[in-house]
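Chemist: Handing you this structure, nothing more for now.
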Amino acid sequence: MVEASAAKNEAKPLPRVSPATDILEREDGFYVYMDIPGVRREDLKLDINENELVVTGRALQGASEKETFLEVQFGPGEYVRSVSLSDLVDRENIKASLKDGVLMIHLPRMEKASPRRIPIQTV
Amino acid sequence: MVLDFNSLYAFPGRFERLFEDFFKPQFAEGRRLAYPPLNVSEDASAYYVRSELPGLSLDSVELTLTDKNLVIKGERPTEQGKYYRQERPAGFFQRVVALNVPVDRDAVRATLVDGVLTVTLPKCSECLPRKINIEVS
């Protein structure tokens, strides 16, 4: 019975939701905040392809089967959002954390290539 | 710089996304009218009020149970920095759920996991209709 209902849930695709996102800049780089309530860490994926950072997360609201709903204003869904990355972003040091349903991504700025003199060696 | 609308980069799925956004209903089935969104449900033993409150801890949410209402109150903070895009709602919010049913007031519990608030209001066992035996003397 439980397996059957689980299989049914798998078959039915969750509605895709674009999460509310803040993008802001601070001294040490860019910060992206996304509201993804109901997503656990295991159900969240962050991928970088080329110039895009893609966030996918599944929110399964923990209501039991026996409950009857009197009012529904939100429901289970799949959060999908992509953010384009500029060349200024240091891709190796991107950090992400999930707390209380808010995903924070820190995109540090690339160290500026400072001008330097190249020493000439005499052979 | 890190914006979604940056057009200096060639996006593989840019046009598809444009179409997807265009045909997508703006408000999913007319929801999202008030903030925060609420779900109200019941089962045999209790009523459940659920709400999406991302970024808040249970301490910063004020829950008040009055005679007839459950009031959810709080404030969402804003981050410091230079904003390029702001979509997340910020500021004070309040929602009032009218309770037209008797609940067991002392056993009301609230949890906040991953930004989803769940308030459990157990049905009052003493308030359920019951049969009274009339003894004839």
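The values are calculated or read from the model by the stated rules, or taken from the named source; none is laboratory data. Remember, it's a predicted structure, so these values are computed and weren't measured experimentally. Reconstructed Cβ throughout: ideal geometry from the backbone, glycine too, with neighbour counts over all protein chains shown.
Chemist: Looking only at residues that are more than 30 Å from B:Tyr47 (Cβ to Cβ) and at the interface with another protein chain (Cβ under 8 Å from one of its Cβ atoms) in region A:51-63, which one is surrounded by the most Cβ atoms within 10 Å (Cβ to Cβ)?
Modeler: Within region A:51-63, the first condition is being more than 30 Å from B:Tyr47 (Cβ to Cβ), and the residues that meet it are A:51-56.
Now narrow it down to the ones that are at the interface with another protein chain (Cβ under 8 Å from one of its Cβ atoms): A:51-52.
Values: A:Asn51: 20, A:Glu52: 16.
Looking at residues that are more than 30 Å from B:Tyr47 (Cβ to Cβ) and at the interface with another protein chain (Cβ under 8 Å from one of its Cβ atoms), I get A:Asn51.
Chemist: What residue, of A:Lys66, A:Lys112, is at the interface with chain B (Cβ under 9 Å from one of its Cβ atoms) and part of a loop (DSSP other than H, G, I, E, B)? Spell out the reasoning first.
Modeler: Values: A:Lys112 fails: at the interface with chain B (Cβ under 9 Å from one of its Cβ atoms).
Just a single option satisfies the conditions, and that option is A:Lys66.
Chemist: Anything in region A:42-68 that is within 30 Å of B:Pro122 (Cα to Cα) and of a type outside the set (Val, Ile, Thr)? List them, or say none. So that I can check it myself, show each step before the final result.
Modeler: To start, the set of residues in region A:42-68 that are within 30 Å of B:Pro122 (Cα to Cα) comprises A:58-68.
Hits for region A:42-68 are A:Arg58, A:Ala59, A:Leu60, A:Gln61, A:Gly62, A:Ala63, A:Ser64, A:Glu65, A:Lys66, A:Glu67.
Chemist: Test each condition in (1) within 15 Å of B:Pro54 (Cα to Cα); (2) over 14 Å from the mean Cα position of the chain (by Cα) for A:Phe69 and report the one that comes out false.
Modeler: With respect to (1) within 15 Å of B:Pro54 (Cα to Cα); (2) over 14 Å from the mean Cα position of the chain (by Cα), A:Phe69 is out only on (1).
Chemist: Here's a follow-up. Out of the residues in region A:38-47 meeting the condition of being surrounded by 13 or more Cβ atoms within 10 Å (Cβ to Cβ) and more than 10 Å from the chain's Cα centre (by Cα), tell me which one is farthest from the other protein chains (Cβ to nearest Cβ). Spell out how you get there, then give the answer.
Modeler: Of region A:38-47, the ones surrounded by 13 or more Cβ atoms within 10 Å (Cβ to Cβ) are A:38-40, A:43-44, A:46.
Retained after the next criterion (residues that are more than 10 Å from the chain's Cα centre (by Cα)): A:38-40, A:43.
Details: A:Gly38: 5, A:Val39: 6, A:Arg40: 6, A:Asp43: 10 Å.
Here the answer is A:Asp43.
Chemist: Go through region A:53-94 and give me each residue that's in contact (Cβ under 8 Å) with a residue 12 or more places away in the chain and of a type in the set (Lys, Arg).
Modeler: A:Arg58, A:Arg81, A:Arg91
Chemist: Of the residues A:Glu92, A:Glu71, only one is in a strand (DSSP E or B) and either surrounded by fewer than 16 Cβ atoms within 10 Å (Cβ to Cβ) or basic (Lys, Arg) (or both); which? So that I can check it myself, show each step before the final result.
Modeler: Numbers: A:Glu92 fails: in a strand (DSSP E or B).
Sole residue among the options that is in a strand (DSSP E or B) and either surrounded by fewer than 16 Cβ atoms within 10 Å (Cβ to Cβ) or basic (Lys, Arg) (or both): A:Glu71.
Chemist: A further question on this structure: Here is a list: A:Ser84, A:Ser97. Which entry is surrounded by 15 or more Cβ atoms within 10 Å (Cβ to Cβ) and either of a type in the set (Val, Ile, Thr) or closer than 30 Å to A:Gly38 by Cα (or both)?
Modeler: Working: A:Ser97 fails: surrounded by 15 or more Cβ atoms within 10 Å (Cβ to Cβ).
Checking each option against the conditions leaves just A:Ser84.
Chemist: Here are the criteria: (1) within 16 Å of the chain's Cα centre (by Cα); (2) within 8 Å of chain B (Cβ to nearest Cβ). Tell me which single one A:Phe74 does not satisfy.
Modeler: A:Phe74 satisfies every listed condition except (1).
Chemist: From the list A:Val17, A:Val80, A:Val102, which one is within 13 Å of the chain's Cα centre (by Cα) and modelled with pLDDT under 90? Spell out how you get there, then give the answer.
Modeler: Values: A:Val80 fails: modelled with pLDDT under 90; A:Val102 fails: modelled with pLDDT under 90.
It is A:Val17.
Chemist: Looking at (1) within 7 Å of another protein chain (Cβ to nearest Cβ); (2) more than 10 Å from the chain's Cα centre (by Cα); (3) crowded, with 19+ Cβ neighbours inside 10 Å, can you tell me which one A:Asp35 breaks?
Modeler: It fails just one condition, (2).
Chemist: Which residues, taken from region B:87-133, are acidic (Asp, Glu) and in contact with a helix residue (DSSP H, G or I) (Cβ under 8 Å, 6 or more places away or on another chain)? Working first, answer last.
Modeler: In the first step, residues of region B:87-133 are kept if they are acidic (Asp, Glu); the result is B:87, B:104, B:106, B:114, B:126.
Matches in region B:87-133: B:Asp104 only.
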